[in-house]
Structures are given as structure tokens and as C-alpha cells.
Amino acid sequence: MYGGLNVYVLYQYDHLEFPGVVPRTFIGALLVSVLASPIILVMSFLHLPKTHGLIAVRLALGCITLSTLRFFRAQVRYKFGSQVEAFFVILTAFQFHLLFYCTRPLPNILALGIVNLAYGFWLKGDFYAALNCLIFSAVVFRCDMVLLLCPLGLVLLLTKSISLWKALKCCIGMVLLSVGLTVLVDSIMWKKLVWPEFEVLWFNSVLNRSSEWGVFYVSAEKFALRHLGSDQRKLGALLDRRVLPFVIPVFTFVLLYSKLPHKELRFIISSVPIFNLSAAVAASRILGCTAVTFMASYENYPSGYALKYLHQIGEFSFPLPKLNEYCCHTSKDIARGHLASNTEEQWVHIDPYSAMNGISRFCENDFPWRYSKEESIPLKEYQNRNFTYLINEHLLVEGYKCLFSMDGFSRVRPQLRFPPFLLVGTQ
């Protein structure tokens, strides 16, 4: 025992066994855990499923993100008036991606909350506080926030909103404080001396290895304009000159980021509030199909539904002739296996593809269920292992038989009856 806590608690997490490509900070996770822990304790006392804990954690993160967005919204009202604020709220509420991402436990989203505070201080005129927020975000959560910090700082210097000497004194202190905090916390969690975002910067920028995880070949201008260059956003910057100084640094951030080979929307999600502000100034019409995108996202986690259905089968199972279970999802999730007695341990192997498409530790059940995420197992080797079930991307595995399949979302197909659209699964 140490300080009343079991020292082996750290070993109950799987980040040391599955560290990922680069280490990430635990500071945001600790904050979210503190906020969600009372609800988790109540759920544990009531013996509720672990999936309820996932909902509690994501709600806690969502509340943090939305509270920072609320601060930004208040500054929008103060600077641009209540009508622009109303349009900003409507745009944000009816957009799918921002609200979807705000509850996802990703470093980008933790950084988004800090960036929202920076935007709020920026509108408020507290420029040094805005710079400090971006520095903390870049040092602790996402090093790529430097691409936003530099254009913003340059605009503030050119407009004489800040002095260079005072900015250096203020920002250097925040850098040292942020580095000390992240090194202290993350060195304990990772059991080695580490500054996570420095390793990320080294991996992505110096070694230039981010493209190993996917490449999107498109020019910077097309990428920026495709995601953020709608007529309403451009019109907002033209109709109100006050918007232009806010849009230019953020648009530059997107433009610089789009030069990287590896692109994802979450990388530039922190630019959305400012572009929504530009659109709100123009009082644009709301566009989009929120219902369709919500339904699409609901159907886009096939392996998670496969594991859930597998648990339901196991609860009502009885001894049958031996027949292993297999779940695949290249284009669909297929479950294969035998239903053993509830008194026996039922081992489920989850391959990496399934783990990335809806399965997390929150989806796991207690005894008799046991889970393995061992990687790099040859297909012919599965039949020699003691796995009761497999959740796997491959259609055929020797020694295993299909029990059920789960379709994933592929596209939307219009039709001439109600409902006017149909979600089509992968084939």
C-alpha cells in the first residue's frame, strides 16, 4: 500500500501492453476520470453493465468541451450581438461532426476544449491568455496546435495587439509550466521519463512517418476549401470586417495542416468554431442532414454490435456440439463459434480490425467471459488456440463456423417511398 492506494492499480490498465504508435498524455484522462468517478461508483454499486460507464465518461468529456464552447459563445454575444450568437448556436447544434467529436476521448478533443477557451479570450481581448491556452494545448495535448499558435501570434504582433517582449516573458513561463506538468504526470503513468507530445512531434515532423498510417493526396487549397470553404463562411468574413482577423489565422492553420500527407477531420476540428462564427455573421441557412449522419454513425460500429449480440447468445446458451465462433468485418462482421456452458470460461479473441470498429474495454462483460487482443496470429493458428469465439475480419478461418453477421454502414441510397433514404450496409 502507498498513501492508502494499491500501487498495482497502474498495472490494471493496458496502455503498457498496447502503447500505440506514440505515447499520449494522461492529464486529460485524469481530469475526465475525476469528474466521472462518482457516477462510475454508483453504477458499480448498482452492478450496471460497463457500457454505462463508457456513457458516463463520454458525457463527462462532452460537458467539459461544451462548457468551453459556452464560454466562447458568451464572447460571441458580447462582441457581435445576440443575433449572431443565436445563429452560432443553431449552426453548432445542427452540425453533426462537432457534437459527435466533442465526446470522443481523443487528444484532439481535449485540445479542442483548451482552444475554445483561447478563442473566447481572443474575442474578449485578453490576448496573452489566449496565447497561453494555445501553448498549454500544444505542449500537453496536441503539438500540432503550434500551427494555429504561430499565425495567431503573428496577427496579434502585426496588429500591435501584443508586445513581443511581454509575450515572450508570458509564454516562456507557460511553456516551462506545461512541460513540467506533462513530464511529471506522464513519466509516472508510462513508467519512463517521457514528454509525450515531443515524441509525437519527432515521429510526425522529424521522422515524417505519419504517412505510414494513411495518405490523402490532394492539394492544400482543395483540402482546406473542401472542408471549410462554404459560401456562408466566406460571406461572413466579407460582410463584417471584424471577422477577418479571426478567420485568417485559423484558415492558415488548416492550410498548413493540409500539407501533411496524413489527413483526418479530427486534426482540424478545432477550426470549426471560428468558421461557424463566420457563417453565423452571415446569418446563413442551415444545411445538412443531421438525422442521416446520426443514423449512419449509429450503424458504423459493426464489431461492437457483434460482441454485444455474442454476449446475448452466451447468456441463454446451453451445451451444443463443439462449434467455434467467428466474427469478421472486412465488409461485414461475421461471428462463428460454439456456445459453451455458462459455468465455463468463454474466451473471445478480438483482432485489431474489430478493435478499431466498435469494441473497447467498456464492452467487456465479467465472468465467464474472457478476452484476448493478441496480435499477429496466423489464420491457421487459431484452431490450435483455446479461443471459444473469434471476432475477426477474415471471412473464412479453418476450424470455425459462422453463427451470425453484422453489416457496417456503407452509403445512403435515396428511394421513392418513406423513409426517403435507406442506409446501405457493406457487402
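How would CYS133, CYS150 rank on accessible area, largest to smallest, probe 1.4 Å? It would help to have the intermediate numbers written out before the result.
On the way: CYS133 20, CYS150 80 Å².
Per-residue accessible area, sorted high to low, gives CYS150, CYS133.
Could you pull the accessible area for MET174 with a 1.4 Å probe, rounded to 10 Å²?
Around 40 Å² of this residue is reachable by solvent.
Quick one: ranking GLU375, GLU299 by accessible area, 1.4 Å probe, largest first, what do you get? Can you show the working numbers first?
Working: GLU375 100, GLU299 75 Å².
Heavy-atom accessible area, descending, gives GLU375, GLU299.
Round to a whole angstrom and tell me the spacing of the C-alpha centers of region 35-78 and region 125-189.
Answer, in whole Å: 27.
Would you mind getting the Kirkwood hydrodynamic radius of region 31-158 from its Cα pairs, rounded to one decimal in Å?
One decimal place: 16.0 Å for the Kirkwood radius.
Grab the Cα-Cα distance for ILE172 and THR293, subtract it from 0.36 nm times how many residues apart they are, and report the gain in nm with one decimal. If you can, show how the numbers build up before the last one.
Numbers: separation 121, 0.36 × 121 = 43.56 nm, distance 4.31 nm.
Result: 39.2 nm gained on full extension.
Lys and Arg at +1, Asp and Glu at -1: add these up for the other residues within a Cβ distance under 15 Å of PRO378 and post the number.
Working: positive: LYS380, ARG385; negative: ASP351, GLU374, GLU375, GLU381, GLU393, GLU398.
Within the 15 Å Cβ shell, the charges total -4.
Can you tell me the equivalent ellipsoid semi-axes for region 165-205? Use √(5λ) from the Cα gyration tensor, largest first, whole Å.
Numbers: eigenvalues 108, 41, 4 Å².
Rounded to whole Å, the semi-axes are 23, 14, 5.
Filter LYS373/LYS401; LYS191/LYS373; LYS192/LYS259; LYS50/LYS263 down to the pairs with a C-alpha to C-alpha distance above 28 Å, please. All intermediate terms of the calculation are to be shown ahead of the outcome.
Details: LYS373/LYS401 20 Å; LYS191/LYS373 22 Å; LYS192/LYS259 33 Å; LYS50/LYS263 33 Å.
In this structure, LYS192/LYS259; LYS50/LYS263 lie more than 28 Å apart at Cα.
The values are calculated or read from the model by the stated rules, or taken from the named source; none is laboratory data. Note that the coordinates shown come from a computational prediction; the quantities given were computed from them, not determined experimentally. Virtual Cβ from ideal backbone geometry, glycine too; neighbours counted across all protein chains shown. To get the accessible areas, we keep the full protein, side chains included, count just its heavy atoms, and leave off ligands, DNA and RNA. Shrake-Rupley method; radii C 1.70, N 1.55, O 1.52, S 1.80 Å.
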